[in-house]
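Each remark here refers to the structure printed beneath this line.
The values are calculated or read from the model by the stated rules, or taken from the named source; none is laboratory data. Note that the structure is predicted; figures quoted are calculated from it, not measured. Note: ideal-geometry Cβ built from the backbone for every residue, glycine included; neighbour counts use all protein chains shown. Protein only, heavy atoms only, side chains kept; ligands, DNA and RNA dropped before computing areas. Shrake-Rupley method; radii C 1.70, N 1.55, O 1.52, S 1.80 Å.
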Amino acid sequence: MFRVLVPVDADEKRALAQADHALALTESASEAEVTVLYVVPPDSLQTDEGIDFSDIDSVVGAAEYLETNDVAVERRVEGGKTIAREIIDVADDIAADELVMGGRKRSGVARLLIGSVVNDVFVSTDRPVTMTGTEMSFHRGTRQLLLPVDANADRVQHQVNYVTSLPAAPDDVEATVLYVFPGQDYRGAPDHEFGDIDAAVEAADALEAHGIDTERVAVGGGVTESIVDEAESRSATGIVMGGRKRSGVQQVLLGSTVRDVMLSADRPVTLTG
């Protein structure tokens, strides 16, 4: 059973975008269930006992969209804690394989803004979390994933584990493992050799060992810009980023590159452990 948690707020366009991505995730699963969750804000005058799922248009729309496409849906309303804490607790309760969060738009510019709830969920769970946006389209069929990697073998392994665990893998998943040599796009820069980065080679080898068609790419330049450009030029259906750990505590820390890619990419971005 592949389980996806879709926590939605009152924004119907965001909720439908999240549901659309959940549908794309589950279309290859022999068994799948999506939990559509609404968390009553702590500062609301109402409680989860006073609100029925059917009272919230956004969650009803997301659930009905999934059910119309033959996806099993669990409907939940929770409250009493912070929104992020409720989301994380429900994810643990259902043993979610992935959380699909909705992005926000900045006023006047076409970039995703990471809201405080999304950020808190990212930094507090070790489950894969994907951020979507209302202007994104979600591809059906073969998933073409871009994995930008650094030299940290543990982070890279989490990225590989995510890709190989997708219901569509290996037959309907293709991957590009990308390593960016920071700033090395000037005249006379050293050759960019993918094979020089052990973690990148190990990632590509592991994906290929799972039967996933994998391309190996090394470029020089600005890291965020190179990731976004490669995703666009390859028509990637998603970007899979490695999370970071804070020293001394088991929480993911969003590095500047991860955050910048999330703010700049026009396609779903998944953060792994």
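Within the accessible surface of the chain, defined with a 1.4 Å probe on protein heavy atoms only, the carbon and sulfur portion equals 42 percent.
Remark: the stretch 13-98 carries a charge dipole of roughly 320 debye about the Cα centre, counting +1 on each Lys and Arg Cβ and -1 on each Asp and Glu Cβ. In the chain, helices alone account for a calculated mean residue ellipticity at 222 nm of -10500 deg cm²/dmol, with every DSSP H run of four or more residues adding -39,500 (n - 2.57).
Over the chain, accessible surface divided per residue gives 45 Å², non-protein components excluded, 1.4 Å probe. Charge dipole of the chain (Cα centre as origin; +1 on each Lys and Arg Cβ, -1 on each Asp and Glu Cβ, all else neutral): 840 debye, rounded to the nearest 20.
Rounded if a/c is under 1.5, else prolate if a/b is larger than b/c, else oblate: which is the stretch 143-273, with a ≥ b ≥ c the root eigenvalues of its Cα gyration tensor? Rounded. For GLY221, the residues whose modelled amide H falls within less than 5 Å of its own, excluding neighbours fewer than 5 places apart on the same chain, are PHE181, GLY183, GLN184, ASP185. Measuring nothing but how far apart in sequence close Cα pairs (under 8 Å, 6+ apart) lie, relative to its length, the chain scores a relative contact order of 20 percent.
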